[in-house]
1. From the list VAL405, VAL422, VAL414, pick out the single residue that is under 16 Å from PRO99 (Cβ atoms) and more than 16 Å from the ligand (Cβ to nearest atom).
2. Quick check on the stretch 268-302: of everything there that is within 16 Å of the ligand (Cβ to nearest atom) and small (Gly, Ala, Ser), which residue is surrounded by the most Cβ atoms within 10 Å (Cβ to Cβ)?
3. Which condition from (1) surrounded by fewer than 24 Cβ atoms within 10 Å (Cβ to Cβ); (2) in contact (Cβ under 8 Å) with a residue 24 or more places away in the chain; (3) not in a loop (DSSP other than H, G, I, E, B) is the one that ASN551 breaks?
4. Does any residue in the stretch 397-423 that is over 21 Å from LEU489 (Cα atoms) and open to solvent by less than 30 Å² (accessible area, probe 1.4 Å) come within less than 6 Å, Cβ to Cβ, of a residue that is away from the ligand (no atom under 16 Å from the Cβ) and among the small types (Gly, Ala, Ser) six or more places away or on a different chain, and which pairs are these?
5. I'd like to check something: does the stretch 133-152 contain any residue that is on the phi < 0 side of the Ramachandran plot and without any contact (Cβ under 8 Å) to a residue 24 or more places away in the chain?
6. From (1) touching a residue at least 40 places away in the same chain (Cβ under 8 Å); (2) more than 16 Å from the ligand (Cβ to nearest atom), pick out the condition that doesn't hold for PRO103.
7. Considering only residues that are of a type in the set (A, V, I, L, M) and out of contact with any Ser or Thr (no Cβ under 7 Å at 6 or more places or on another chain), look in the stretch 430-441 and name the one that is surrounded by the fewest Cβ atoms within 10 Å (Cβ to Cβ).
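The values are calculated or read from the model by the stated rules, or taken from the named source; none is laboratory data. Computed from a prediction, not measured in an experiment: that's the story for all the values here. So basically every Cβ, Gly included, is an ideal-geometry build from the backbone, and we count neighbours across all protein chains shown. For accessibility, only protein heavy atoms count, side chains too; no ligands or nucleic acids. Shrake-Rupley method; radii C 1.70, N 1.55, O 1.52, S 1.80 Å.
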Amino acid sequence: MKAFVASFVALALIVASVQVLAQESQADVRAREAEQEMTDDERFSLLISILGNVSGGSIAPDPRVAHLENPSAGWTPGIPRLGIPDLQASDASMGVTNPGYRPDDPGATAFPASIVVGSSFNAELAREGGVAIAREARSRGFNIMLAGGMNLTREVRNGRNFEYYGEDPLLSAILASEQVNGIQSQQVISTLKHYTLNANETNRHWLDAIIDPVGHRESDLLAFQIAIERSQPGAIMSGYNKINGQYAGGSHHLLNEVLKGAWGYKGYVMSDWGATPEWQYALHGLDQESGAQADPFMWGLDTEPFTEPLRQAYADGKLPKERLSDMVRRILRSVYAVGIDKWGPAPAVDMAKHNEIALKIARQGIVLLKNEAALPMPTDEPLKIAVIGGYAQQGVISGTGSGAVAPVGGFESVIKIGGAGVMGKHRNLFLFRPSPVAELQKAFLNAEIEFDPGYTPAEAAMTARRADVVIVFGIRVEGEGFDLPDLSLPWGQDAVIDAVATANPNTVVVLETGNPVSMPWRDNVKAIVQAWYPGQAGAQAIAEVIAGKVNPSGRTPITWPASLTDTPRPTLPGLGTPWGTPVTIRYDEGAEVGYRWYAKKDIKPLYAFGHGLSYTNFAYENLRISGGTVETAAERDGQAVTAVNATTPSVAEAEASLLSGGETVTATFTVTNTGDREGADVPQLYLTAAPDEQRMRLLGFKRVVLKPGESKQVTLTVDPRLLARFDGKANQWRIAEGEYQIALGKSANDLVLMGSADLQGKLFGH
Ligand code: BGC
């Protein structure tokens with residue numbers, strides 16, 4: 001019966017993929033035929049998108065969008081006679097945003113930041129969130145979502161990391177592609193962005209990101225490559241920055257040779273807003289100029305490059321007809337492949353269900369970094385709880401910039417912060433209701449909760465002293481257009497936390513930040529909960545984690561450095577220079593991003609990539625690796641096997657159960673919940689060394705939910721590119737023949753079972 005079901009499923013999958021291929025080729029044919037029918041005016045009309053008018057914005061109102069009832073971040077007129085709909089693009093990855101285009105909009109679901117999804121290591125959540133976001137987009141007439149933000153965390157000072165999934169290419173690719181799949185399943189085109197290496201915000205329009213091209217292929221580009229293969233996004237958004245001297249949107253190498261050439265990408269490339277300084281980008285692979293009015297504003301031009309200048313270039317024979325057709329066909333192909341020309345009535349939007357999804361993501365993405373038996377707190381005792389700081393009497397905070405979502409009913413409050421550059425006016429302290437104080441009171445019905453604003457260390461310490469336990473909130477507003485000068489908390493909060501922890505040893509810290517922070521008070525507090533920017537349901541999820549109603553299962557997708565001197569760039573070039581200053585940042589770590597860097601340099605971080613505690617314990621055993629051998633960490637180090645791994649098979653037993661060797665490595669193992677409460681674990685498979693080379697790579701992971709005492713067997717098959725190096729001369733991936741060391745761990749620094757695999761040398765892929 002099982003075999004029958006398996007072959008039926010396999011057959012269904014084959015039929016489904018053949019259907020997808022057929023559909024795709026149909027999209028190609030339709031795009032070609034429609035494009036052939038067009039006049040040149042119609043062709044050119046598709047090559048720009050126009051930013052909606054926002055009162056008080058930096059760009060003058062534009063008559064071209066004056067007639068629109070529903071202006072957006074980018075509107076492109078459709079061609080009704082050919083059945084081509086208007087293209088309406090909206091931000092973005094954490095919900096449908098509204099930077100003032102829709103004054104009467106009732107508000108959208110403010111999902112947790114993407115870094116929370118990253119911490120969940122749960123691809124299904126990324127997809128569910130994508131479906132919900134697309135439904136809210138469709139109900140507003142948006143058929144393009146500028147979602148799929150997936151730049152890797154190279155810098156813990158990058159103000160926009162909260163919009164992405166962390167530092168690892170595989171994790172980022174899997175989560176971003178599932179979000180895109182969710183969005184596109186609702187007939188809404190999604191982007192993946194920002195292609196590529198938009199890893200810092202400071203002077204991003206003038207930032208030259210220098211990287212070794214091979215290292216680039218093994219990191220940021222690999223993330224895009226895998227995500228594109230898994231989701232076929234209708235569009236790719238290029239970044240603001242330069243890469244090795246070429247602007248991302250004008251890089252013939254990255255757009256024509258890599259994306260469209262080596263990877264065969266068939267959709268279209270749109271620029272970021274205000275990132276098309278000249279029409280020649282069309283020759284280098286850019287297909288559409290986004291938010292066209294932003295370019296004259298940014299670059300001091302008379303006109304928008306993809307309007308008159310591009311038409312003139314065509315008239316002069318500088319833009320070949322084939323390229324013009326190609327630009328148009330790529331856009332149309334995505335319209336047809338995703339089906340935005342075939343919309344029926346918008347699917348129902350169930351806001352209560354979307355709130356549940358936002359809550360689920362927050363519950364799974366909150367990371368318990370430290371816990372000295374302080375959490376969960378007892379809910380049945382008449383505790384005196386002091387809640388201090390972080391505007392916790394009002395709400396939880398959000399990141400800022402184009403991705404910030406205004407929730408139903410608006411924010412609880414908006415406190416203007418401001419700052420340099422065009423993004424300064426978008427830099428606000430946004431607070432989502434309900435408040436942590438209210439949610440904690442619901443979770444601790446017998447407790448007496450006193451709120452203290454954390455206004456001064458001395459005042460906060462007085463409140464802390466008269467409580468049984470203290471929950472102190474540390475917040476930091478991070479956002480688009482700004483990098484962080486250091487890892488401290490703003491507004492003197494580190495001093496407040498320190499004073500509170502000194503006054504009351506039972507102190508728990510909850511952080512709402514988009515990046516790791518330095519935590520000088522770390523050793524003085526009992527527990528640390530990293531909530532990131534947990535979205536509109538975040539306060540509830542935080543209270544549930546503290547009360548133990550939710551067993552935390554998030555794992556940090558960013559390494560927490562002990563000090564900035566441990567990171568690849570102790571000093572961040574360009575930080576502090578005035579807006580408009582050219583900046584060069586050398587990403588000399590190449591492919592060795594995040595945990596890979598710490599492993600290579602043998603530096604112990606504050607918290608390792610993949611770290612996150614639970615209220616239960618998990619054990620791993622029976623690791624079997626195709627073509628390899630297995631031992632425990634203790635055996636490797638020549639010690640006796642510890643109790644945790646007591647049931648791990650001996651090397652001989654493991655060898656006897658080897659799986660057959662093949663094209664890549666497959667690992668099978670068992671995870672057991674050895675504690676007394678249900679919980680979710682995220683076992684992680686790493687490469688730790690390749691022939692003649694130390695090299696750390698996350699090879700696979702799986703979130704597993706287990707009841708007390710329950711075991712599950714997990715099988716992970718490795719994408720061979722993660723075992724390989726990119727051979728820049730051959731322009732292919734190369735696996736060197738020899739032994740590969742593989743480890744199963746709880747984080748990049750907590751490796752539990754070791755194994756190895758002998759691989760044959762091979763050259764493959766592109
Ligand atoms: C951001 C993009 C965003 C665009 C449109 C830019 O400032 O970098 O991520 O999609 O604005 O709002």
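1. Numbers: VAL405 fails: more than 16 Å from the ligand (Cβ to nearest atom); VAL422 fails: more than 16 Å from the ligand (Cβ to nearest atom).
So the residue among VAL405, VAL422, VAL414 that is under 16 Å from PRO99 (Cβ atoms) and more than 16 Å from the ligand (Cβ to nearest atom) is VAL414.
2. Out of the qualifying residues, it is SER271.
3. Of everything listed in (1) surrounded by fewer than 24 Cβ atoms within 10 Å (Cβ to Cβ); (2) in contact (Cβ under 8 Å) with a residue 24 or more places away in the chain; (3) not in a loop (DSSP other than H, G, I, E, B), ASN551 misses just condition (3).
4. VAL405/ALA110; PRO407/GLY107; PRO407/ALA110
5. No, because not a single residue in the stretch 133-152 is on the phi < 0 side of the Ramachandran plot and without any contact (Cβ under 8 Å) to a residue 24 or more places away in the chain.
6. (1)
7. Top of the filtered list is ALA438.
Here's the yes/no breakdown for (1) closer than 15 Å to ARG138 by Cα; (2) in a strand (DSSP E or B):
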{"position": "ALA60", "(1), (2)": "no, no"}
{"position": "PRO71", "(1), (2)": "yes, no"}
{"position": "TRP75", "(1), (2)": "yes, yes"}
{"position": "ALA89", "(1), (2)": "yes, yes"}
{"position": "VAL96", "(1), (2)": "yes, no"}
{"position": "ARG102", "(1), (2)": "yes, no"}
{"position": "ASP105", "(1), (2)": "yes, no"}
{"position": "VAL117", "(1), (2)": "no, no"}
